[in-house]
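A quick write-up on the structure given underneath.
The values are calculated or read from the model by the stated rules, or taken from the named source; none is laboratory data. Just so it is clear, the model here is predicted, and its values are computed rather than measured. Glycine gets a Cβ as well: all are built from the backbone with ideal geometry, and neighbour counts include every protein chain shown. Only protein heavy atoms, including side chains, enter the accessible area calculation; ligands, DNA and RNA are left aside. Shrake-Rupley method; radii C 1.70, N 1.55, O 1.52, S 1.80 Å.
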Amino acid sequence: DVKVTQSSRYLVKRTGEKVFLECVQDMDHENMFWYRQDPGLGLRLIYFSYDVKMKEKGDIPEGYSVSREKKERFSLILESASTNQTSMYLCASTPSPGPYNEQFFGPGTRLTVL
Amino acid sequence: DAKTTQPNSMESNEEEPVHLPCNHSTISGTDYIHWYRQLPSQGPEYVIHGLTSNVNNRMASLAIAEDRKSSTLILHRATLRDAAVYYCILRGQAGGTSYGKLTFGQGTILTVHP
């Protein structure tokens with residue numbers, strides 16, 4: 001079975017802390033995504049990566065950065081966590097961005113920033 | 001990506017078929033119709049996709065109208081584990097700022113009664 005795993009299901013951090021969210025996929029996919037999901041706003045793309053060391057900003061990159069040093073791993077970094085970054089964070093991967101490909105999602109990390 | 005319209009909620013009884021409708025009147029000729037679902041506290045899960053013809057897989061069937069302006073996801077025998085939010089998404093060719101990202105609307109909340 002294909003798999004996308006995320007480092008934590010639940011995380012509680014304090015304002016100003018640096019936060020790392022890790023995502024690993026075992027499908028040798030080129031493309032990986034970080035989304036956040038908030039009630040009433042749906043999924044919003046934060047960053048995506050189409051290859052190792054390559055990254056592109058999504059729709060809401062402010063306050064976030066990413067790292068992709070290895071093909072299977074895509075990390076989301078909150079440089080200085082703020083309360084408005086309390087959210088569900090979802091990682092996804094896909095072999096290519098073509099419209100016929102499905103995206104595989106991880107279970108999500110529910111982050112609370114106090 | 002073009003917009004989709006789904007009912008906010010639907011209810012079904014266990015072991016009965018469920019037909020989840022989706023309207024997409026502005027669909028373009030190259031847009032694929034995808035369905036995902038999200039169980040409570042889980043990441044989204046791919047269900048099925050199609051372009052023009054009806055599609056079947058182990059999870060569901062997808063019926064696409066001849067003019068492609070609407071589609072219906074069919075769960076042949078609903079179980080309690082099918083209770084989820086179901087999202088109908090159109091996916092065109094990735095390019096520009098779309099990156100192949102998924103744009104989730106509000107979806108349909110499916111409740112399954114024992």
Open item on the list: Can you confirm whether residue A:99 is within 14 Å of chain B (Cβ to nearest Cβ) and open to solvent by 10 Å² or more (accessible area, probe 1.4 Å)?
Closed with: no
- [ ] Select from the range A:52-96 the residues that are part of a strand (DSSP E or B), among the acidic types (Asp, Glu) and either in contact with a strand residue (DSSP E or B) (Cβ under 7 Å, 6 or more places away or on another chain) or within 13 Å of chain B (Cβ to nearest Cβ) (or both) and list them in ascending order.
- [x] A:56
TODO: Determine whether the range B:48-57 contains at least one residue that is in contact with a Lys or Arg (Cβ under 7 Å, 6 or more places away or on another chain), within 14 Å of chain A (Cβ to nearest Cβ) and free of Cβ contacts under 8 Å to residues at least 24 places away in the same chain.
DONE: yes
Open item on the list: Just checking, does the range B:27-37 include any residue being of a type outside the set (Val, Ile, Thr), under 24 Å from residue A:105 (Cβ atoms), within 14 Å of another protein chain (Cβ to nearest Cβ) and open to solvent by 80 Å² or more (accessible area, probe 1.4 Å)?
Closed with: no
Task: Members of the range A:9-42 found to be open to solvent by less than 20 Å² (accessible area, probe 1.4 Å) and either in a loop (DSSP other than H, G, I, E, B) or free of Cβ contacts under 8 Å to residues at least 24 places away in the same chain (or both), listed by number - done: A:29, A:42
Task: Those residues of the range B:1-32 which are more than 22 Å from residue A:42 (Cβ to Cβ) and not aliphatic (A, V, I, L, M), in sequence order - done: B:11, B:12, B:13, B:14, B:15, B:16, B:17, B:19, B:29, B:30
Task: Identity of the residue in the range B:42-74, under 12 Å from residue B:21 (Cα atoms) and in contact with a Phe, Trp or Tyr (Cβ under 9 Å, 6 or more places away or on another chain), that ends up surrounded by the fewest Cβ atoms within 10 Å (Cβ to Cβ) - done: B:62
- [ ] Please state which of the following conditions residue B:19 fails to meet, knowing it meets all the rest: (1) within 26 Å of residue A:107 (Cα to Cα); (2) under 12 Å from the mean Cα position of the chain (by Cα); (3) modelled with pLDDT of 95 or more.
- [x] (1)
TODO: Tell me which residues, restricted to the range B:45-65, are at pLDDT 95 or above and part of a loop (DSSP other than H, G, I, E, B).
DONE: B:60, B:65
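Only one residue in A:111, A:45 is buried (at least 18 other Cβ atoms within 10 Å of the Cβ), under 14 Å from the mean Cα position of the chain (by Cα), under 29 Å from residue B:8 (Cβ atoms) and without any contact (Cβ under 8 Å) to a residue 24 or more places away in the chain, so which one is that?
A:45
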